[in-house]
Amino acid sequence: MDFSEPFDVVVLGGGNAALCAAITAARAGCRVIVVEGAPEFYRGGNTRHTRNLRCAHDGTAPTMTGPYEEAEFLDDLYRVTGGQTDERLAKLTVARSKELLGWMDEQGVRFQPPLGGTLSLGKTNAFFLGGGRGMLNSLYRQAQSLGVSVLYDTPVTGLTIDNGHFMSAAVKHQGAAKSIRGRALVAAAGGFESNIEWLKKYWGAAADNFLIRGTPYNRGDVLRLLLDAGVAPVGDPTQCHAVAIDARAPKFDGGIATRLDSVVFGIMVNRDAQRFYDEGEETWPKRYAIWGRLVAQQPGQIAYSIIDAKSIRLFMPSIFPAVEAQSVGELATKLSLDPAALGKTVDDFNAAVRPGTFDHTVLDDCRTEGLKVPKSHWARRLDTPPYYAYPLRPGITFTYLGTRVNNESRMVMTGGQVSGNMFAAGEIMAGNVLGKGYLAGIGMTIGAVFGRLAGEGAAAHARN
Ligand SMILES: Cc1cc2nc3c(=O)[nH]c(=O)nc-3n(C[C@H](O)[C@H](O)[C@H](O)COP(=O)(O)OP(=O)(O)OC[C@H]3O[C@@H](n4cnc5c(N)ncnc54)[C@H](O)[C@@H]3O)c2cc1C
């Protein structure tokens, strides 16, 4: 690899956002390099774990039900963020999401009809044939056929930025320090969710008990370098997307298979065997993303989903077997919970369940009455052995702190001036659109929309 000549566009990161930018810039005739911190097998960060992308569409795509109008997408986005979004960038994301199915198809990405057990997303989300890895393989093949250079196992360790202008990136490549110069920069190196020390700044020691659902390589080093160089931050550093995942999952990279969808079918208790939140407040697709944070707020950051034989076949099977027992007391012992305390919690819950007609596909009328922590739907007595439990911990998907960008995906500096040659795309800037909350599939939308914008802008700058 010849590092002596500057590249037109230097892309940092190797996931969806990076590849969309690299392909766009290469198609515009630029000499492009992708600098991926992970080894080749692990290329593609959290994008490897994805299954789908949300997009507005007119309903003619054969792999989706629909249509899903721009206005509806925008409403959904405003609702989940509670208005905490840059309205201009939100509208841009939604408007340009309409181009994504066609653009991805041109790059060789294939889609499939939605599978069952996928949060009922057939109308709003397009599912990658072969999942995130299949999608990434197509993008890498396309990038390389366009002449994009790709460096693997090459973490970025420094950036030379002069008054908001990118000059070069310091990297570690094959054991040696190298400098890569470029006319324009696209930063697409994800959030800082794998950096436990950084998470501890906001969560304290509790962060030691967090599990990270995705790549261990998203440590936020590029984000930190950019913020230190005067790029304006965006997003609440304490905000992250966190779901409840099986506590037996690996510390990093457990992916989608460790998520548990059993919560709505039974009760959730903490390590004191106490319930702490309405398990039946809303349908699971609208609530699954709050349970990571709820578990993070419990003592020891652990909780247990408890169901009985009536429910074991109603949700996607977990990768780990449930803890099983013939009585609630035996279950408590197996979970190292106080049997008397769990027995009382289950008895109180059972006594509060009102008669109703159970239907887990709608907000049914099965609810409790008189409990301090109610269960509003799908409340059925826990009375049919065997009893089952899954231990749950917070599973962090990604963080929201990022770099501020404008509607060209150009980074904005703390003084308000717009950088001439620095662009950001994907998770590293998603906080511009997602002030809080999450809409399934929008991570990939933001990466692809702003990746393409960044590629266009970086190429235009490099060629002038
Ligand atoms: C289990 C799981 C399932 C998900 N499912 C979906 C889904 O179905 N749909 C959806 O829209 N979103 C989903 N998401 C979120 C989605 O993964 C992200 O929104 C998206 O992948 C972000 O793309 P990105 O390109 O910005 O970051 P990433 O894909 O994470 O890529 C970041 C890249 O930067 C590299 N990097 C980091 N630091 C450095 C450094 N110092 N030097 C060089 N390179 C570096 C990493 O190695 C990586 O290649 C899921 C996330 C997880 C964890």
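Consider segment 3-47. How many of its residues are over 18 Å from LEU226 (Cβ atoms), within 15 Å of the ligand (Cβ to nearest atom), in a loop (DSSP other than H, G, I, E, B) and not basic (Lys, Arg)?
The qualifying residues number 3.
Only one residue in ILE180, ILE212 is in contact (Cβ under 8 Å) with a residue 40 or more places away in the chain, β-branched (Val, Ile, Thr), under 21 Å from PRO39 (Cβ atoms) and surrounded by fewer than 23 Cβ atoms within 10 Å (Cβ to Cβ), so which one is that?
ILE180
Name the single residue that is farthest from VAL11 (Cα to Cα) among those in segment 419-436 being in contact with a strand residue (DSSP E or B) (Cβ under 9 Å, 6 or more places away or on another chain) and assigned to a loop (DSSP other than H, G, I, E, B).
This residue is GLY435.
Just a yes or no: is a residue in segment 343-354 within 32 Å of the chain's Cα centre (by Cα), surrounded by fewer than 22 Cβ atoms within 10 Å (Cβ to Cβ) and of a type outside the set (D, E, K, R)?
Looking for residues that are within 32 Å of the chain's Cα centre (by Cα), surrounded by fewer than 22 Cβ atoms within 10 Å (Cβ to Cβ) and of a type outside the set (D, E, K, R), one finds none in segment 343-354, hence no.
Taking MET64 as meeting all but one of (1) of a type in the set (A, V, I, L, M); (2) part of a strand (DSSP E or B); (3) more than 10 Å from the ligand (Cβ to nearest atom), write down the number of the exception.
(2)
Looking at segment 367-387, is at least one residue outside any loop (DSSP other than H, G, I, E, B), buried (at least 17 other Cβ atoms within 10 Å of the Cβ) and within 25 Å of the chain's Cα centre (by Cα)?
No, every residue in segment 367-387 fails to be outside any loop (DSSP other than H, G, I, E, B), buried (at least 17 other Cβ atoms within 10 Å of the Cβ) and within 25 Å of the chain's Cα centre (by Cα).
Out of the strands (runs of 3 or more DSSP E) lying entirely within segment 143-252, which hold 3 or more residues that are away from the ligand (no atom under 12 Å from the Cβ) and either modelled with pLDDT of 95 or more or farther than 30 Å from GLN301 by Cα (or both)?
The qualifying strands (runs of 3 or more DSSP E) are 156-162, 165-173, 176-187.
Could you check segment 34-55 and list, in sequence order, the residues that are of a type in the set (A, V, I, L, M, F, W, C) and surrounded by fewer than 24 Cβ atoms within 10 Å (Cβ to Cβ)?
ALA38, PHE41
The values are calculated or read from the model by the stated rules, or taken from the named source; none is laboratory data. Please read these numbers as outputs of a predicted model, since none were measured by experiment. Methodologically, a virtual Cβ is constructed for each residue, glycine included, from the backbone with ideal geometry; neighbour enumeration extends over all protein chains shown.
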